[in-house]
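Below: one structure, written as structure tokens.
Quick note: the coordinates plus some simple rules give every number you see, no bench work behind them. Note that the structure is a prediction, hence the values are computed from the model and not measured. Here Cβ is always computed from backbone atoms with ideal geometry, including for glycine, and neighbour counts include all displayed protein chains.
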Amino acid sequence: QVQLVESGGGLVQAGGSLGLSCAASGSIFSINTMGWYRQAPGKQRELVASITNGGNTNYADSVKGRFTISRDNAKDTVYLQMNSLKPEDTAVYYCNLRGRHSIVGVPIDYWGQGTQVTVSS
């Protein structure tokens, strides 16, 4: 099993910055991607950003140029630096890890407990 522990988040004014981090622990054969999703009230959970082992990144169009995802493979930790925050970025942010428990295993998703990010106007 894998555990994801998130930190960061909080309340910030529009235009401000926040950073999130997520550390993975436990046993897994390989990690495919780590990333961040968010869910605002009344909306579906959506991908914010993800990063592969090789450092390839993927961002939602709404955050491109403002958010930066990074990863420390040695620590199995993923970070999300959020700049120029907007009120519409307000949501619960969830850390995600997709990995396999064996070389032939199917990818499995693990989730953090979620951390609230609130951007005031």
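Structure above, values below:
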item: Whichever aspartates and glutamates have a C-alpha closer than 18 Å to that of K43, once near sequence neighbours (fewer than 8 apart) are set aside; result: D61, E88, D89
item: Net dipole in debye of the chain [+1 Lys, Arg Cβ; -1 Asp, Glu Cβ; about Cα centre; nearest 20]; result: 100 debye
item: Derived scalar couplings ³J(HN,Hα) [the range 37-45; Karplus, 6.51 cos²θ - 1.76 cosθ + 1.60; whole Hz; x for Gly, Pro]; result: 10, 9, 9, 8, x, x, 10, 7, 5
item: The range 43-121 versus the range 2-37: alpha-carbon centroid distance in Å; result: 6 Å
item: Förster radius 25 Å - calculated FRET efficiency between K43 and Q81 (Cβ-Cβ, nearest 0.05); result: 0.65
item: In order through the range 53-60: 3J(HN,Hα) via Karplus (6.51 cos²θ - 1.76 cosθ + 1.60), integer Hz, x for Gly, Pro; result: 4, x, x, 6, 10, 9, 10, 5
item: For the chain: relative contact order, % (alpha-carbon pairs under 8 angstrom, 6 or more apart); result: 36 percent
item: Per-residue ³J(HN,Hα) for the range 89-98, Karplus 6.51 cos²θ - 1.76 cosθ + 1.60, θ = phi - 60°, Hz, x for Gly and Pro; result: 7, 4, 4, 8, 9, 10, 7, 10, 10, 10
item: Gain in span if fully extended, W111 to A60, counting 0.36 nm per residue against the direct Cα distance; result: 16.5 nm
item: Longest exposed-site-free window of the chain, the sites being trypsin sites (Lys or Arg not before Pro) in a DSSP loop that have at most 12 other C-beta atoms within 10 Å; result: 76-121
